Amino acid sequence: MLTMRVLGLTLDETNHAPILLLQEETGQEILPIWIGPLEAMAISVVLGKVPVERPLTHDLCINMLRSLKVRLIGVEMVEVRDGAYYADLLLQQENGATQRLDCRPSDAVALALRAQVPIRASKALLRRTANAQHSAAEPGGHTLAHVPIQKLVVALHADKATNATAGPGVEQDRFLELLRSLEPESKRKM
C-alpha cells in the first residue's frame, strides 16, 4: 500500500461532478475519484478548516467510534469495479483487534481527514487506474497514451506559479485537457 495525500477537489467541466484528487505522497501517481456534491462538501469543510456549530455526519461517526472505544487507524482505497471505487476503513478495538469495514472512498477520506489517519491505495489500483487513463482518447481521436495523466496533473500543480504569470486561462485549459483524457467509465459511479 502506498500512502496518499489529498491533492484537492475540483469539478469535471463536462458534468460538473466533483473530483477528489489523491496523490501518492512520495511520487507522482494521481488517483482521481468522481464523488457526489455532498461528499465533496464534507471533505472541503475539513480541507478549508471551516468551523461548524454542530457535528456533521462524519464528525458524528468519529465521535461514535470514540465512545465505543474503537479507533480509526487508517483507510485504504482497494479496488475499482465497473467504474466504482471501493475503500476499507481500518478499525482497531480497545483490545487491539483490528477489522476492515467496506466504505465509499469519499466517506473514507472525509473520516480520515477528521481523524488525521493515513490514506493508502494499493499499487494494483494505481496501476489499473493509470493504465485505463493511458488508453483514454481525447475528442477528435488523439490519445494521450504517451503522456501519463499523473504527469499532467502534477505539471498542472507544479506550474501553478508559472501559469499565474501567463494568465488565468492557461491553468484552466491544461486542466480541461486532463479531464478530457480521463476514462469516461470512471465518471459514471460516484
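Miscellaneous remarks
- With Rh defined as the Kirkwood radius, the inverse of the mean 1/r over Cα pairs, the Rg/Rh of region 1-84 is 0.99.
- Close amide H contacts of Leu11 (hydrogens built in the peptide plane, cut-off under 5 Å, sequence separation of 5 or more or a different chain): Ile19.
- Integer Hz, Karplus 6.51/-1.76/1.60 couplings in order for region 22-29, x for Gly and Pro: 10, 10, 4, 4, 10, x, 10, 5
- From phi via Karplus (6.51, -1.76, 1.60), per-residue ³J(HN,Hα) for region 74-89 in Hz, x at Gly/Pro: x, 10, 10, 8, 9, 6, 10, 9, 6, x, 10, 8, 10, 9, 10, 8
- Spacing of the modelled spin labels on Leu56 and Ile73, each 7 Å from Cα toward Cβ, amounts to 2.8 nm.
- Summing charges over neighbours of Asn95, with a neighbour being any other residue whose Cβ is under 13 Å away from its Cβ, gives +1 when K and R count +1 and D and E count -1.
Read-outs throughout are calculated quantities, based only on the coordinates presented, and are distinct from any laboratory measurement. Note that the structure is a prediction, hence the values are computed from the model and not measured. Cβ coordinates were reconstructed from backbone atoms using ideal geometry, including for glycine residues, and neighbour counts include every protein chain displayed.
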